[in-house]
Amino acid sequence: MAKRFVNIWFRHLKTDWFSIRQPALRDIPFVLSAPEHGRMVITAVNQWAFTKGIETGMVVADARAIFPSLEVLDDDPALSEKLLKAIAEWCIRYTNIVAIDPPDGIIMDVTGAAHLWGGEKKYISDIHLRLKNRGYDVRATIADSIGAAWAITHYGANSAIVESGKQMEALLSLPPSALRLELNVADRLQKLGLNQIRKFISMPRSALRRRFGKELILKLDQAMGNEEEAILSIQPVEPWRERLPCLEPIITATGIEIALQRLLDTLCQRMNQEGMGIRKAVFTGFRADGKLEKIEIGTHRTTLNARHLYKLFEDKISTIEPGPGIELFMIEALKAEKISPHQEKLWDAICGLENPGLSELMDRFANRFGNSPIMRFLPSEHYLPEKSFKQSVSIDEKSGTPWMIGRPRPLQILSRPELIEVTAPVPDYPPMIFRYLGKLHKIKKADGPERIEQEWWIQNGPHRDYYAVEDEEGQRYWLFRSGHYKENEKPKWFIHGFFA
């Protein structure tokens, strides 16, 4: 497939923006100015000022001599780039690859995208019409190369589409400046009578290079499509992305649901062919007023179950505000992983952690309540109870350390043991009474002690003597005394866990 590019030229980018914000400026000549060497110099003019003979680079005083009632506003040097970036993000609805072309243009790689709008004619017309309706005076061209698209946009006639393979015919009658040459090179070509590309395109390359430098050859090759030209997209290009433009803006939840189902089916089928699965995805709606509506989901295990993914998104569809209507829907897998199919036995059902139903249930819980309430723990190589386990990164993570099952452990362990008041016989008898959070507990049953030492490579810190105790209400607790009993020093007791 031949590559296709669109160049958009905003002929009065900054002054159009001022007119959009201040409608009173639309019908009067005005300019933007900035200080330069102690003088106020015009940096941008609107169409009305241009027709009065006022151009960029003029001194404001000279311009007012030509047109005394000229309106002059302060310019912001960073405004052009800010506007281009904002418009480029809006243009993501048309293609994945959008780059800015300072000071007043945008370049888009639209290879394989125009058919979604019914062809290149409707595609380029839609771009032009929507930007014009937003208040911008634009020209746009689609061609096989960035150079050709730029040349026709800035110097060509009214043709907005250069047919594939015919860029040379479109470029022959244009001036050298259309090749984006440095000003001195273009001026030299003009002075020598080479005022059209047709007059020097067939000249020997060695002569052109010797007289005008390597840049002329490079720009010619780029315009003809013989030399690739890289562009830097304002957003990273996600390899797993699908789009669905709408014939009419969608404002109903039913329409949004249908679009989501279609996109999920298409994306899952394509990723399945590549052996990839989805871990994280985002569904985006591009509204007619330029705003974006996004909902995002994640999964605990790689999946291509479109029905399950739809269920995860379904809970969040109500948060989408279509406003004046959504013109384009897009879904992209922000995180994708290789699918590793599990070996199955014909006579056994998949159970435990391998059961896809479990991971899908966890996905739905996480989607509704967040990830924080859902935790899975694995054993860790530490003696101290609060360090003897760790939270798993994923449902598929495995540990080489077995769980310690020789002694009972509470279901709930405090991340940090809490100091309590205890009455206990000495030296190694279990406690009789303890006070926790202001409540007094009389111990009815006790089991222990179980001594737990620090790891041998850690010399600091005393050992612990743990007791499992039960109070008169039948509640069971895990308590420990820190260090050896000393006659002249009151021992420290802690509560560390709660049995179910």
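Within segment 232-253, does at least one residue satisfy the condition of being in contact with a His (Cβ under 9 Å, 6 or more places away or on another chain) and either polar (S, T, N, Q) or more than 30 Å from Gln391 (Cβ to Cβ) (or both)?
No; the residues of segment 232-253 include none that is in contact with a His (Cβ under 9 Å, 6 or more places away or on another chain) and either polar (S, T, N, Q) or more than 30 Å from Gln391 (Cβ to Cβ) (or both).
Among the residues of segment 179-194, which ones are more than 41 Å from the chain's Cα centre (by Cα) and loosely packed, with under 15 Cβ neighbours inside 10 Å?
Across segment 179-194, the qualifying residues are Asn184, Asp187, Gln190, Lys191, Leu192, Gly193.
What helices (runs of 4 or more DSSP H), lying completely within segment 40-94, carry at least 2 residues that are of a type in the set (Lys, Arg)?
Hits in segment 40-94: 79-90.
From (1) among the aromatic types (Phe, Trp, Tyr); (2) closer than 14 Å to Pro245 by Cα; (3) in a loop (DSSP other than H, G, I, E, B), pick out the condition that doesn't hold for Tyr123.
The single condition Tyr123 does not satisfy is (3).
Only one of these conditions is not met by Pro77: (1) modelled with pLDDT under 90; (2) open to solvent by less than 60 Å² (accessible area, probe 1.4 Å). Which number is it?
For Pro77, the failing item is (2).
Tell me, please, whether a residue that is in contact (Cβ under 8 Å) with a residue 40 or more places away in the chain and of a type outside the set (D, E, K, R) can be found in segment 396-404.
Looking for residues that are in contact (Cβ under 8 Å) with a residue 40 or more places away in the chain and of a type outside the set (D, E, K, R), one finds none in segment 396-404, hence no.
Kindly list the number of the only condition in (1) open to solvent by less than 20 Å² (accessible area, probe 1.4 Å); (2) part of a helix (DSSP H, G or I) that fails for Met108.
(2)
Looking only at residues in segment 206-220 that are touching a helix residue (DSSP H, G or I) at 6+ places or on another chain (Cβ under 9 Å) and open to solvent by 30 Å² or more (accessible area, probe 1.4 Å), which one is nearest to Glu169 (Cα to Cα)?
If we take residues in segment 206-220 being touching a helix residue (DSSP H, G or I) at 6+ places or on another chain (Cβ under 9 Å) and open to solvent by 30 Å² or more (accessible area, probe 1.4 Å), then Lys219 is nearest to Glu169 (Cα to Cα).
Can you name the residue in segment 82-106 that is within 20 Å of the chain's Cα centre (by Cα) and among the charged types (D, E, K, R) and, of all such residues, is farthest from Pro236 (Cα to Cα)?
Here the answer is Lys82.
Scan segment 126-178 residue by residue and report those that are among the charged types (D, E, K, R) and either part of a loop (DSSP other than H, G, I, E, B) or open to solvent by 40 Å² or more (accessible area, probe 1.4 Å) (or both).
Residues satisfying the conditions are Arg130, Lys132, Arg134, Asp137, Arg139, Asp144, Glu163, Lys166, Glu169.
For segment 426-500, list the strands (runs of 3 or more DSSP E) that sit wholly inside it and hold at least 3 residues that are surrounded by 15 or more Cβ atoms within 10 Å (Cβ to Cβ) and in contact (Cβ under 8 Å) with a residue 24 or more places away in the chain; which are they?
Answer list for segment 426-500: 439-452, 464-471, 476-482, 492-498.
Scan segment 30-39 residue by residue and report those that are outside any strand (DSSP E or B) and either open to solvent by less than 90 Å² (accessible area, probe 1.4 Å) or among the small types (Gly, Ala, Ser) (or both).
Within segment 30-39, just Gly38 meets the criteria.
Listed here are the residues, each with its yes/no results for (1) modelled with pLDDT of 90 or more; (2) in contact with a helix residue (DSSP H, G or I) (Cβ under 9 Å, 6 or more places away or on another chain); (3) aliphatic (A, V, I, L, M); (4) within 17 Å of Pro385 (Cβ to Cβ).
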position: Gln412; (1), (2), (3), (4): no, no, no, yes
position: Leu419; (1), (2), (3), (4): yes, no, yes, yes
position: Gly461; (1), (2), (3), (4): no, no, no, yes
position: Gln475; (1), (2), (3), (4): yes, no, no, no
position: Ile495; (1), (2), (3), (4): yes, no, yes, yes
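For segment 52-73, does any single residue satisfy the condition of being open to solvent by less than 10 Å² (accessible area, probe 1.4 Å), among the small types (Gly, Ala, Ser) and free of Cβ contacts under 8 Å to residues at least 40 places away in the same chain?
Checked against the condition, which is being open to solvent by less than 10 Å² (accessible area, probe 1.4 Å), among the small types (Gly, Ala, Ser) and free of Cβ contacts under 8 Å to residues at least 40 places away in the same chain, segment 52-73 yields at least one hit.
Counting only residues that are among the charged types (D, E, K, R) and surrounded by fewer than 18 Cβ atoms within 10 Å (Cβ to Cβ), which one in segment 280-292 is farthest from Ala253 (Cα to Cα)?
Among those that are among the charged types (D, E, K, R) and surrounded by fewer than 18 Cβ atoms within 10 Å (Cβ to Cβ), it is Lys280.
Within segment 198-246, restricting attention to residues that are basic (Lys, Arg) and under 33 Å from the mean Cα position of the chain (by Cα), which residue is nearest to Trp117 (Cα to Cα)?
My answer is Arg243.
Counting only residues that are touching a helix residue (DSSP H, G or I) at 6+ places or on another chain (Cβ under 7 Å) and in a helix (DSSP H, G or I), which one in segment 241-275 is surrounded by the fewest Cβ atoms within 10 Å (Cβ to Cβ)?
Once the filter is applied, the top-ranked residue is Ala253.
So which residues in segment 205-238 are in a loop (DSSP other than H, G, I, E, B), touching a residue at least 60 places away in the same chain (Cβ under 8 Å) and not hydrophobic (A, V, I, L, M, F, W, C)?
The answer is Gly225, Glu229, Ser233, Gln235, Glu238.
What are the residues in segment 86-115 that are more than 23 Å from Glu242 (Cβ to Cβ) and without any contact (Cβ under 8 Å) to a residue 40 or more places away in the chain, if any?
Ala86, Pro102
Contact list please: Cβ distance under 7 Å, first residue in segment 329-346 and within 30 Å of Gly255 (Cα to Cα), second residue assigned to a loop (DSSP other than H, G, I, E, B) and modelled with pLDDT of 85 or more, pairs at least six apart or on different chains.
What qualifies is Glu332/Trp240; Ala333/Trp240; Ala336/Trp240.
Taking the condition of being under 17 Å from Arg270 (Cα atoms), among the small types (Gly, Ala, Ser) and open to solvent by 70 Å² or more (accessible area, probe 1.4 Å), how many residues in segment 303-342 meet it?
Count: 1.
The values are calculated or read from the model by the stated rules, or taken from the named source; none is laboratory data. Nothing here was measured: the structure is a model prediction, and the numbers come from that model. Cβ atoms come from the backbone with ideal geometry, glycine included; neighbour counts cover every protein chain shown. Quick note on the areas: whole protein, heavy atoms, side chains included, nothing else; ligands and nucleic acids left out. Shrake-Rupley method; radii C 1.70, N 1.55, O 1.52, S 1.80 Å.
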